[in-house]
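The block underneath contains the structure these notes are about, expressed in structure tokens.
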Amino acid sequence: MNRLSIASTARALFGLLALSATTTFAAPGEHPDIDLRVKACTGCHGAEGRAAADGYYPRIAGKPAGYLYNQLVNFRDGRRQYPLMSGLLQTLTDDYLQEIARHFSALDLPYPPPVRSTQKASVLAHGERLVREGDPARDLPACASCHGSALTGVAPALPGLLGLPHDYLAAQLAGWKSGIRHAHAPDCMAEVARKLNAEDIQSVAHWLSSQPVSQGGKPAAVLEKPLPIRCGGVTEAAR
Amino acid sequence: MKRLTLSALVVAAVAATAVYVALKPAPDTSPASPPGDAPGDLVARGEYLARAGNCLACHTAPGGAPGAGGRAMDTPFGTIYTSNLTSDAKTGLGQWSADDFWNALHDGRGRDGRLLYPAFPYTNYTRVTRADADALFAWLQTLPAVEQPNRAHTLRFPYDTQAALLAWRTLYFKPGVFQPDAGKPAEWNRGAYLVQGLGHCSACHAPRNALGASTDPDALAGGLMPGQNWYAPSLASPHEASVADWPQAEVVALLRDGVTPHATAAGPMAEVVFGSTQYLSDADLNAMAVYLKALPQTRPVKNEVAGVQDELRRERGAQLYADQCADCHGERGEGRPGVWPALAGNRAVTMVPPANAIRTVLGGGYAPATRGNPRPYGMPPFAAALSDDDIAMVVSHIRGSWGNGASPVSSVDVQRLRGNLR
């Protein structure tokens, strides 16, 4: 059996958390009919997974494959809640979710231009500061220290923060803060989000959603520095 | 008062049995173990039998350790939590003996003598032989110990009393191992043993009386799953899910792969295939098929067209179909073999209770990913995109077109089935 099945067997037996970083994402060699098989997804996520910058549905095209895979597992296993999505995933295997994640990750599609923000400059400035520098006084690391200096994420498991709608961003941060969204333990994003107040969340979401996507949205290949906090499913890859 | 309490309890217990299907199977995608025909291979045989009984699907919490229990089964009367079956001495079955286990599986009693809720389908498992129970127990004892105390059920009074459970059992539960019918072939008997016992098909596929109990569970005459918004169709009716006319190989394929040229396992049935039947040996699946094909059939009831749609609604339904569905299911509901199921002449569309067709349009779904069909196709959910009324019109359209001849549905039907799908 291949590595993946062994990993999933081990998980099943010992209840270990999925560590996407330990699984390899094989070179393309995709089944040609995968796009037909994911038509159940693209109704919401937009043609080829490139949701528009407004609205709520997040773009999934071009995100790091390990991140996408972790999310699909999270929805299936109840760490993230959205009944319409988790219902679709109930009877799908880890192997198939890997394939689906690889498919969307490999799509290289242009991003739409960002939404112009109507917020006050001070709000946007506060958001930008938190993203780039964090707030040492509150022991809050910069978002960029994990999500990459270009904010386009880091392969294989750190997602980018650009090209996501404001409402989606705000809901995710609030979700982590209130314990609705979970990632693999240790859940570093929960730790970060708990340090953010409502105003911080709004500022960050407004600033991020008004930025153009740099580097064509491509995730960086490696972390520049070690992560400031350990993150489940990610830390291993950083070594 | 006494009667009322009793009947309410029965309903609670039964609702609990039915409600579990909302639970998803354990996210275990490990390959099946061999059937364990080798004599003395008790543990391997136990693992196989646990697949046949789908034990881990109920006894694993979402994202939790396999077999450690803690999965919530919501009922209108409160919540029942499944138990820790791992080998942990303090919180699992570590200190149980094979006799303790037999008392639970065969007689629905806990180690402390407590009467168990029939949400644990011991009304089926009671037919399991002692030898098979011992194998199951041997395998359970190999589950890595996980210390996780059982959560107390949060059932409201009086559903939480042992007295009421005792009354329910007196009326509706008779312990008894499966007795082979000497007049029938061995294969039929093996199939009956699996379908009636570990397979617990009747937990979903049997109708319930006013007290929520099944008076003739083995007829598998079809049952609405309370609170589940799915209808487990009659396996005895040619209009619903009888397989009497199917080639035997297709029955096997449905249970093993989850798809056949004419049917797809969906919703709770997809979970049964995913967690249980796909792991069974061809010999056992064939035996089940033999038994299912030989079930006494009910007389076909004509599918009356109860209501007629006005012209505007008919046009709107057809338009919605052309815009949202025809791409996959074809302009005349012909589908595309091996890819998109046909809707013309499809019993999942035409059967009298419209619940499953509506539910499929609301929630979409993938056929289960199995070894025979590892990369299934999926149907998108329309709950967010279409209103109750739109869904009613498009479902009425597919039920009424291409010779399907089934009655239209109303937006109230759709609203009732929506649940958390929005």
*asked:* Going by what's in this entry, would A:ASP94 be described as within 14 Å of chain B (Cβ to nearest Cβ) and in contact (Cβ under 8 Å) with a residue 12 or more places away in the chain?
replied: yes
*Going by the structure shown, is B:SER396 in contact with a Pro (Cβ under 7 Å, 6 or more places away or on another chain) and not assigned by TED's automatic domain parsing to the domain that holds B:ARG256?*
yes
*Within region B:264-280, can one find any residue that is open to solvent by 30 Å² or more (accessible area, probe 1.4 Å) and more than 14 Å from chain A (Cβ to nearest Cβ)?*
no
*So A:PRO156, is it outside the structural domain of A:GLY66 (by TED's automatic domain parsing), surrounded by fewer than 20 Cβ atoms within 10 Å (Cβ to Cβ) and assigned to a loop (DSSP other than H, G, I, E, B)*: no
*If you take the residues of region B:62-79 that are more than 7 Å from every other protein chain (Cβ to nearest Cβ), open to solvent by 20 Å² or more (accessible area, probe 1.4 Å) and outside any strand (DSSP E or B), which of them is modelled with the highest pLDDT?*
B:GLY70
*helices (runs of 4 or more DSSP H) wholly inside region B:122-185 containing at least 2 residues that are under 30 Å from B:ALA294 (Cα atoms) and open to solvent by 50 Å² or more (accessible area, probe 1.4 Å)*: B:130-140, B:162-172
*Hey, does region B:26-47 have a residue that's under 18 Å from the mean Cα position of the chain (by Cα) and at pLDDT 95 or above?*
no
*Selection count, region B:183-225, where residues are farther than 24 Å from B:ALA167 by Cα and among the hydrophobic types (A, V, I, L, M, F, W, C)*: 11
_Long-range neighbours under 6 Å by Cβ, at least six apart or interchain, first residue assigned by TED's automatic domain parsing to the domain that holds B:SER202 within region B:268-287, second in a helix (DSSP H, G or I) and of a type in the set (D, E, K, R)_ = B:SER276/B:ARG51; B:GLN278/B:ARG256; B:TYR279/B:ARG51; B:LEU285/B:ARG256; B:ALA287/B:GLU187; B:ALA287/B:ARG190
_So B:TRP402 ticks every box in (1) open to solvent by less than 20 Å² (accessible area, probe 1.4 Å); (2) aromatic (Phe, Trp, Tyr); (3) over 20 Å from the mean Cα position of the chain (by Cα) but one. Which box is left unticked?_
(1)
*Does at least one position in region A:177-191 carry a residue that is closer than 18 Å to A:PRO113 by Cα, more than 16 Å from the chain's Cα centre (by Cα) and not hydroxyl-bearing (Ser, Thr, Tyr)?*
no
*Please state which of the following conditions B:SER214 fails to meet, knowing it meets all the rest: (1) of a type outside the set (Lys, Arg); (2) under 18 Å from B:GLN297 (Cβ atoms); (3) modelled with pLDDT under 95; (4) surrounded by 18 or more Cβ atoms within 10 Å (Cβ to Cβ).*
(2)
*Of the residues B:VAL352, B:VAL409, which is out of contact with any Gly (no Cβ under 7 Å at 6 or more places or on another chain), open to solvent by less than 40 Å² (accessible area, probe 1.4 Å) and aliphatic (A, V, I, L, M)?*
B:VAL409
*If you go through region B:368-391, how many residues are more than 9 Å from every other protein chain (Cβ to nearest Cβ), open to solvent by less than 20 Å² (accessible area, probe 1.4 Å) and free of Cβ contacts under 8 Å to residues at least 60 places away in the same chain?*
1
*asked:* Go through region A:89-126 and report how many residues are open to solvent by less than 40 Å² (accessible area, probe 1.4 Å), assigned to a helix (DSSP H, G or I) and in contact with a Pro (Cβ under 7 Å, 6 or more places away or on another chain).
replied: 2
*Can you spot a residue in region B:269-281 that is closer than 30 Å to B:SER410 by Cα, in a helix (DSSP H, G or I) and in contact with a strand residue (DSSP E or B) (Cβ under 8 Å, 6 or more places away or on another chain)?*
yes
*In region B:407-422, which residue that is assigned to a helix (DSSP H, G or I) and away from chain A (no Cβ under 14 Å) is farthest from B:HIS397 (Cα to Cα)?*
B:ARG416
_Pick from region B:243-261, criterion of a type outside the set (A, V, I, L, M) and more than 20 Å from B:ALA369 (Cβ to Cβ), ranking: surrounded by the fewest Cβ atoms within 10 Å (Cβ to Cβ)_ = B:ASP245
*Can you pull out the residues in region B:330-344 that are more than 12 Å from chain A (Cβ to nearest Cβ), open to solvent by 20 Å² or more (accessible area, probe 1.4 Å) and over 24 Å from the mean Cα position of the chain (by Cα)?*
B:GLU331, B:ARG332, B:GLU334, B:PRO337, B:ALA344
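Among the residues of region A:55-73, are any at the interface with chain B (Cβ under 8 Å from one of its Cβ atoms) and at pLDDT 90 or above?
Looking through region A:55-73, at least one residue is at the interface with chain B (Cβ under 8 Å from one of its Cβ atoms) and at pLDDT 90 or above.
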*Give me the pairs, please: first residue somewhere in region A:75-87 and closer than 15 Å to B:GLY267 by Cβ, second residue anywhere and part of a loop (DSSP other than H, G, I, E, B) and open to solvent by 30 Å² or more (accessible area, probe 1.4 Å), beta-carbon distance under 7 Å, and either six or more positions apart or on two chains.*
A:PRO83/B:ASN420; A:LEU84/B:ALA384
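The values are calculated or read from the model by the stated rules, or taken from the named source; none is laboratory data. Quick caveat: nothing in here was measured; it's all calculated off a predicted structure. Neighbour counts are summed over all protein chains in view; Cβ atoms, including those assigned to glycine, are modelled from backbone coordinates with ideal geometry. Please note that ligands, DNA and RNA were not included when accessible areas were found on the heavy atoms of the full protein model with its side chains. Shrake-Rupley method; radii C 1.70, N 1.55, O 1.52, S 1.80 Å.
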